[in-house]
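Contents: one structure, followed by commentary.
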Amino acid sequence: MKTAYLVAGVRTPFAKSGTELKAVHPVELGRFALTELLARTGAGLSEIGGLLDEVIIGNTGTPSDSANIARVIALRAGLPHALSAYTVHRNCASGLEALSQAALKVEAGVGDVYVAGGTESMSQLPLIYNANAVRFFESLQRARTLAERAQAFAKIPVKDFLAPRISIMEGLTDPVCALNMGQTAEILAKEYKISREEQDRFALTSHQRAVAAAKTGVFRDEIATYSVPPKFEKTLAVDSGPRESQTMEQLAKLKPYFDRKFGTVTVGNACPITDGAAMLLVASEEGLKKLGGVKPLAKIRAHAFAGLDPSRMGLGPVYASAKVLKQSGLSMADMGVVELNEAFAAQVLACQRAFDSADFAKRELGLAKAIGAVDPAKLNPNGGAIAIGHPVGATGARIALTAALEMQRKGLSHGLATLCIGGGQGGSVILEAV
Amino acid sequence: MSSDNLFSGQAFRLEQKGAVGVLTFDLKDERVNKLSEVPMNELASILDLLAAKAGTLGIKAVLVRSAKKNSFIVGADVNLIGSLPDRAAAEKAGRQGQAVYSKLEDLKIPTVAAVDGPCAGGGTELILACRHRLCSDNPKTAISLPEVKLGFLPGWGGTYRLPKTVGLMTAVDMMLTGKSIRADKAAKLGLVDLVVPAAIFEEKSLEIAARVAEGKGVPGAKPRVVPLTEKALTGNPIGRFVFFRKARDQVHASTGGRYPSPLRILDLLEQKSGLGREAYMDAEANAFADLWSSPESKSLVGLFLMGEAAKRDTGSELTPEAVAKLQATRSLLVLGAGVMGGGIAAVSAAAGVRTTLKDLNFDAIAKGLAHARSLFDADLRKKRITKTELERRMGLVRGQIDFRGVRATDLVIEAVVENIDVKKKVFAELEEQVSPTTVIATNTSSLRLKDMLPAFKDASRFIGLHFFNPVHKMPLVEVVTHPGASPEAVARGVAYVKSIGKTPVVCGDGPGFIVNRLLMPWLNEAAFCLWEGYPFEALERAAKDFGMPMGPFELLDEVGLDVAAKVCHIFHDAFGERAKPSPILDKLVADKSRLGRKTGLGFYVFDAPGGRKQGVDLKALEGVFAGAKPSSPEFNAEALVRRMFFPMVNEAARALKEGVVNDPAKVDLAMIFGTGFPPFRGGLLKWADSLGVDKIVAELERLGELHGARLQPSSALREIAKRGGFYRS
C-alpha cells in the first residue's frame, strides 16, 4: 500500500449563514478555494490541470442547478474536460470522506494527485413546496381550458403555500431516530451529566482561542482572503464568526433551544449554521515529484469511519478514533493536536468523558483500557466550530488542514482530526509529520 | 447520383448531383473566398451555361456553396478596390458585378445558397440574388454588408435586394452599421430561410436543394413576420418620411455628417426604391462610383489595408511561423490592481488568459475585481455575452498580495504608480520570483524604459506594453522596444496584444512613445491659444469640427490636469524649449480640487467626481488666466485647426527621423486607434500629405514668427517636404 500525503490546503473564510456569504453559490465558494489552492502550488495553473487524477468534493445540500457539484467546480476553476470529478456525501464528514477516498486511491496505486475538499452554502438551502402545494401545481398543469384553470385556482391551498418544508431543518434531523442534531446533544448532556456552565465555558474557550489565533495570524496560510462577488465591496480575511466580546454572562442569558424545560444546549454553546469551502491536495510520493518536488504538510497515517446509535451520534469521534488508533498502533497521548469538531459543546465534552472511561472502552469498543481524554490544551487549540462555524460539507477537510498546519507550526509528530456525523457515525484521520 | 464536372475553373466549379447543379466557390491557393475579376467572370460563364443547358442536363435547382472550411465568401478583394484607377473603372466594376448577380437572379431554375462561416459584402449580395438561403449554426456564421465601413455601399445589387428580403428597417440598420448577423438572428429577420446544424450542413443543404428541385419549398422555413412598427413606418409615405428623417438624424448624431456613405445609402433607398430593377441598378452604380471616388472612402480603404498589414506584422524580424512556436501568453500577472490593471485583467480574461492581479492589499484587489466584473456585467446587459460566459471570465481573474506561485507566469504587466524608483524596486523584486522565460512589460505612459533597465538582471525580456484608457474601449497598444530587447520578447508582446483583440503598434523608447508625444503639441498649443485669449468654446469646437472625438480641454480633463502637467514637464525636460508648457496647466493644477473629471472640476464642471460633464465655468477660468493678453485679434476655425494640429505633424516628423517609429502608417494607425484622430481624413500623416507638407512647413514658419519658436518647422519636417510627403520614400 502506497503512502498518501496531505500536500497543501486552502479554505475560504467561514461566515454564519445569512451573513456575508449568504448570496454566494457553493460552486463559487468551491471554485475560489480550489483556484487559490492550485495557484499556490507554483506548478502554473495552466499545467496543473494535466497533473491531477481526479477531483473529489464533499457537499450535503446539493444545489438543484449543480447536480454533481464537484464537476461543476472543477470546470469553473478552468480544469480540463478530461479530468473526472465526483461529489461525496457523508453528512457532516463529507469533507473527510473526500479526503479519505483520495487517500484510498493513492494508497491503492490508482492515481498520484487528487483534489479533495468540501463546500457548503447552508444559506442557500431551499424552501420546498409541501405535498399539497405540489398537488395544486399538478392540477394546474392538467388543466387545459380556461374554465379548468379557474377551477384549479379556486382550490388553491393558501395555507400550504405559507408552510413550506424547510430543507435545512429536515437535513439536520435524522429520520431514523426522528431526532434533530441538537436533541441528540441533549441526550448526551443528560446522560453524561454535562452542566450548562461547563458547556458555556467550553463555548467561550472556543471563541477566545479562535479570536487569538486570527489575531496572531495563525490562519494566514489556511484562509485565502475573499472579496465577495458580485460587488466585491466586502472582503473577508478571517472567519466572521468568532466573537472577541463573548462573555459567560451573555451565554448564560440564552434559553435552551432543543429542550425548553430541562435542556442545557443553547445556540451559544452549539455551532452556527455556516457557509464556506475548503480544498486539499492529496498525493503519492510520485505525485509530489510531479508537483515539482513540493514538501507535503503531513502523511495521512490512518483514516476510518464507524457507526453507532443515531440518537447518540455525538459520540461518533470516540468510535472512529478508536479505529484509527488501532490501525496505526498509536495512542491518544501521541496526538500533539486533536481537532474534534464542535457540533455542540455537550457533544465534545461527552466524547471526553467517553474517551476517559474504561467502562465505555470495554463495553462499546472492546478495549481493555480507556483511550484517554484529550489534554484540553491540545483540543482545538485554535478554536472550533462553535466559534468558526460548521459548513457541513467542508468541515471534514477544514479540520484536517487546521490540524496539519498546527503540527507544522509546533513541530508535532502526530495529529488527529475527528467528527461526529448526523445519522450515527464518526470519522477520524491521523496525520503524521514528514 | 452522378457527380459530373460541368465547369472547373480557378474559383468556381459546377457539378451535377441528380437534379441539382452544385456550384462550389473554391478560390485556388487561398484560405478564404474573395471576389475579383476571375471569379466573377467564371460565375458569369457558369450562369450562361446553366441558362442554356440546365433543361437538357436535367438540372432543376442550383446549390451555391463554399469549399472553404468555416468560411463562405468574405467579399470583394479590398486591395483590388483600392487599386482601381479612376471613377470610370469603379463604375464599370460596379455595373459588371450587378450584371452577374442579376443574371443569377434571372435564372429560371430555383437557387439555394448554403452559408457556413462568414459571408460579407459581395458574398452577401450573391446570396441575396438567390431564391433561397440556408445557413449553419456554426458560431462563425455571420452575414453582413460592411461596405459602409470602407466609405461606399453594397454596389452589386445589395441596396436593391436587401430591403426586399428583410424589410426596409433591417436593411437600413445592416447597411448603415455594417453589423454582422449571426445564424439565429438571420432566421428571425428572414435573411435566411432556415438554420441547419453545422455538423450535418453539407448533406442537409444538398437534400434541401434536391427537394427544391422537385418543386417543394425549403422545409421548416417560415415566412418573415413583419413587425407592426415596420408596417407603420415603411408601408406609407408619411411613415417613410418620418423613418428617413429619423435615420438621417441618427447618422448625423453618430458621424457628424462626416461620412457621405450612410447618407447616400438613405438617399438611394428613399428616392429610388420605386424604380424597376434596371433604373435602380443604374442609380446604385452611380452612387457606388461617386462614393468610391470620395476622399473619405479612400481614407477608410487605406486605413483598412493598414490595419490588415498591421495584423500580419509580427513586430520583429521573426516570421509568423517562428512566432507561432514561441510560448503563448496563457497566464498573466498584472502588478497594480487600479483602473488600468483591472481593465487589462478584464480584456485578458475575456480572451481566455488566466490573470492574477497583484497589489499591496486586498482592498485594492477588490476594486480591480469589481471593475472587471462591472465591465462583464455591461456586456451581459447588452447581450454580448451569456451568464455562463461571464462566470467563465470571472473564474479566470484572481488576486493576491504576494508573489506565491508566480514562477510559471508567461507575461507580467506592471501597472503600478508612475514613479521610476517604485517601478525599479518592483522589477528587481519581481525578477527574483519569475522564470527566465517570463516576459516582463511596463504599462508606463510617461517614463522611459531605458531608465528602468538597470533594475533588471536580464533586460532582454523587458518591453513596454502601453495600454490606453479605458482599456476595454481603446483598441491600441503601443509595444515599446529598446535596444536590448530580444525579438522573441517583442514578438510575444505583439502576439499577446493580438490575442486580446487589440491593435499593436511597435515603437521605440522615446518620451511619450508615439501617441502621447504627438498629442502633447496639440494640447499644449490649444492651451497657449487659450492663454492668448482665444474663446474657449471656439477652440473646443474647432477640434471637434476637425473630427476629434473630444476637444483639447475636454481631453485634458479626462486625462487629469495633474497628470497632463507632469507629462508636459517631462517632455519639456526631454525635448527642450519647443515643449515648454503653456502657463495654463500649472496655474490650474495649483488648485488641488481642480484636477479634471476625477475631482469633478477642471476646465469643465462635472456633476460629481468622475461624473458627467455639465458645462464650463468661463468666469472662473478667466479668473485663473488673469494676465493673459490676446495677441491675435482675428481668428477663424481653419486657422485654429492649422495652429493646433500642424505641431502634431511637426512632431511626427521628428519621431520618424529619430527612429522611434519606422513607418508613417504606424503613426496614422496609432493616432486613429489611440486618440480617435478622424478616420475619414485617412490618418494624421495622410492628411498632412494631402495638404502638401511644403505648405505645412510654410505655415509653421509663419506661425512661428507670430506665436513662438516652438512652432518652427523641424529639419525632419523640411526633409519630408523636400521628398514630397510622409508616404513618399
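The values are calculated or read from the model by the stated rules, or taken from the named source; none is laboratory data. All of these numbers come straight from a predicted model, not from anything done at the bench. Cβ coordinates were reconstructed from backbone atoms using ideal geometry, including for glycine residues, and neighbour counts include every protein chain displayed. To get the accessible areas, we keep the full protein, side chains included, count just its heavy atoms, and leave off ligands, DNA and RNA. Shrake-Rupley method; radii C 1.70, N 1.55, O 1.52, S 1.80 Å.
For (1) in contact with an Asp or Glu (Cβ under 8 Å, 6 or more places away or on another chain); (2) within 12 Å of chain B (Cβ to nearest Cβ), each residue gets a yes or a no:
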site	(1), (2)
A:27	no, yes
A:32	no, yes
A:49	no, yes
A:64	no, no
A:68	no, no
A:79	no, yes
A:85	yes, no
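Results for (1) open to solvent by 50 Å² or more (accessible area, probe 1.4 Å); (2) within 22 Å of residue A:405 (Cα to Cα); (3) away from every other protein chain (no Cβ under 14 Å); (4) touching a strand residue (DSSP E or B) at 6+ places or on another chain (Cβ under 6 Å), shown as yes or no for each residue.
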{"position": "A:2", "(1), (2), (3), (4)": "yes, no, yes, no"}
{"position": "A:6", "(1), (2), (3), (4)": "no, yes, yes, yes"}
{"position": "A:17", "(1), (2), (3), (4)": "no, no, yes, yes"}
{"position": "A:60", "(1), (2), (3), (4)": "no, no, yes, no"}
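Taken over the range B:100-135, residues that are among the β-branched types (Val, Ile, Thr) and assigned to a strand (DSSP E or B) amount to 3. Here the helices (runs of 4 or more DSSP H) wholly within the range A:139-192 that include at least 1 residues being closer than 19 Å to residue A:423 by Cβ and among the charged types (D, E, K, R) are A:167-171, A:181-191. Candidates are the residues of the range B:405-448 that are open to solvent by 40 Å² or more (accessible area, probe 1.4 Å) and basic (Lys, Arg); the one that is farthest from residue B:491 (Cα to Cα) is B:425. The residues of the range B:162-176 that are in contact with a Pro (Cβ under 9 Å, 6 or more places away or on another chain) and not hydrophobic (A, V, I, L, M, F, W, C), listed by number, are B:167, B:170. Here A:412, A:416 are screened, and the one residue that is open to solvent by 10 Å² or more (accessible area, probe 1.4 Å) and not in a helix (DSSP H, G or I) is A:412. The set of residues in the range B:53-90 being touching a residue at least 60 places away in the same chain (Cβ under 8 Å) and in a strand (DSSP E or B) consists of B:61, B:62, B:63, B:64, B:65, B:75.
Take the conditions touching a residue at least 24 places away in the same chain (Cβ under 8 Å), part of a helix (DSSP H, G or I) and either away from chain A (no Cβ under 13 Å) or within 18 Å of residue A:35 (Cα to Cα) (or both) and apply them to residue B:412. Does it pass?
Working: touching a residue at least 24 places away in the same chain (Cβ under 8 Å): yes; part of a helix (DSSP H, G or I): no; either away from chain A (no Cβ under 13 Å) or within 18 Å of residue A:35 (Cα to Cα) (or both): yes.
When the stated conditions are applied, residue B:412 does not pass them.
Among the residues of the range A:115-159, the ones that are of a type in the set (Asp, Glu) and open to solvent by less than 80 Å² (accessible area, probe 1.4 Å) come to 2 in all.
Just one residue in the set A:359, A:375 is in a loop (DSSP other than H, G, I, E, B) and open to solvent by 10 Å² or more (accessible area, probe 1.4 Å); that residue is A:375. Remark: pairs (first residue in the range A:101-130, farther than 18 Å from residue A:36 by Cβ; second residue open to solvent by less than 10 Å² (accessible area, probe 1.4 Å) and polar (S, T, N, Q); Cβ separation under 9 Å; 6+ apart in sequence or on different chains) = A:106/A:284; A:107/A:284; A:109/A:284; A:111/A:284; A:112/A:284; A:122/A:274; A:123/A:274. Just one of the listed residues (B:153, B:145) is open to solvent by less than 10 Å² (accessible area, probe 1.4 Å) and either under 22 Å from residue B:63 (Cβ atoms) or free of Cβ contacts under 8 Å to residues at least 40 places away in the same chain (or both), namely B:145. Output the number of residues of the range B:702-715 satisfying the condition of being more than 16 Å from residue B:521 (Cα to Cα) and either of a type in the set (Asp, Glu) or modelled with pLDDT of 90 or more (or both). Going through the range B:702-715 one residue at a time, the tally reaches 3.
In this structure, is residue A:354 over 19 Å from the mean Cα position of the chain (by Cα) and part of a helix (DSSP H, G or I)?
On the way: over 19 Å from the mean Cα position of the chain (by Cα): yes; part of a helix (DSSP H, G or I): yes.
Against the criterion (over 19 Å from the mean Cα position of the chain (by Cα) and part of a helix (DSSP H, G or I)), residue A:354 qualifies.
Screening A:104, A:75 for residues that are open to solvent by 20 Å² or more (accessible area, probe 1.4 Å) and within 14 Å of chain B (Cβ to nearest Cβ) leaves exactly one candidate, A:75. Checked against the criterion of being within 14 Å of chain B (Cβ to nearest Cβ), in contact (Cβ under 8 Å) with a residue 12 or more places away in the chain and crowded, with 16+ Cβ neighbours inside 10 Å, the candidates A:297, A:291 yield just one match: A:291. Among the residues making up the range A:333-342, those that are open to solvent by less than 10 Å² (accessible area, probe 1.4 Å) and either part of a helix (DSSP H, G or I) or out of contact with any helix residue (DSSP H, G or I) (no Cβ under 6 Å at 6 or more places or on another chain) (or both) are A:335, A:338.
So, in the range A:216-233, exactly how many residues are more than 8 Å from chain B (Cβ to nearest Cβ), assigned to a loop (DSSP other than H, G, I, E, B) and closer than 14 Å to residue A:14 by Cβ?
Restricting attention to the range A:216-233, the residues satisfying the condition of being more than 8 Å from chain B (Cβ to nearest Cβ) are A:216-224, A:226, A:228.
Next, from what is left, pick out any that are assigned to a loop (DSSP other than H, G, I, E, B): A:216-222, A:224, A:228.
Right, trim to closer than 14 Å to residue A:14 by Cβ and you get A:219, A:222, A:224, A:228.
The qualifying residues number 4.
Scanning the range B:16-38 for residues that are open to solvent by less than 10 Å² (accessible area, probe 1.4 Å) and closer than 21 Å to residue B:209 by Cβ gives B:20, B:21, B:22, B:23, B:24, B:25, B:33. Can you find a residue that is under 30 Å from residue A:221 (Cα atoms), open to solvent by less than 10 Å² (accessible area, probe 1.4 Å) and of a type in the set (Asp, Glu) anywhere in the range A:281-288? No, there is no match, as no residue in the range A:281-288 is under 30 Å from residue A:221 (Cα atoms), open to solvent by less than 10 Å² (accessible area, probe 1.4 Å) and of a type in the set (Asp, Glu). Restricted to strands (runs of 3 or more DSSP E) entirely inside the range B:308-408, those with at least 3 residues that are more than 8 Å from chain A (Cβ to nearest Cβ) are B:331-335, B:354-358.
Determine whether residue A:23 is out of contact with any Lys or Arg (no Cβ under 6 Å at 6 or more places or on another chain) and open to solvent by 10 Å² or more (accessible area, probe 1.4 Å). First the steps, then the outcome.
Working: out of contact with any Lys or Arg (no Cβ under 6 Å at 6 or more places or on another chain): yes; open to solvent by 10 Å² or more (accessible area, probe 1.4 Å): yes.
The answer is yes for residue A:23.
Scanning the range B:503-521 for residues being surrounded by fewer than 24 Cβ atoms within 10 Å (Cβ to Cβ) and either assigned to a helix (DSSP H, G or I) or modelled with pLDDT of 95 or more (or both) gives a total of 5.
Scanning the range B:319-337 for residues that are open to solvent by 40 Å² or more (accessible area, probe 1.4 Å), more than 26 Å from residue B:78 (Cα to Cα) and not basic (Lys, Arg) yields a count of 4. Taking the stated definitions as given, is residue A:206 small (Gly, Ala, Ser), within 14 Å of chain B (Cβ to nearest Cβ) and surrounded by 16 or more Cβ atoms within 10 Å (Cβ to Cβ)? Answer is no for this residue.
Evaluated against (1) assigned to a helix (DSSP H, G or I); (2) touching a strand residue (DSSP E or B) at 6+ places or on another chain (Cβ under 7 Å); (3) closer than 26 Å to residue A:423 by Cα, residue A:104 falls short on exactly one condition, (2). Against the criterion of being open to solvent by 60 Å² or more (accessible area, probe 1.4 Å), in contact with a Pro (Cβ under 8 Å, 6 or more places away or on another chain) and on the phi < 0 side of the Ramachandran plot, residue A:176 qualifies.
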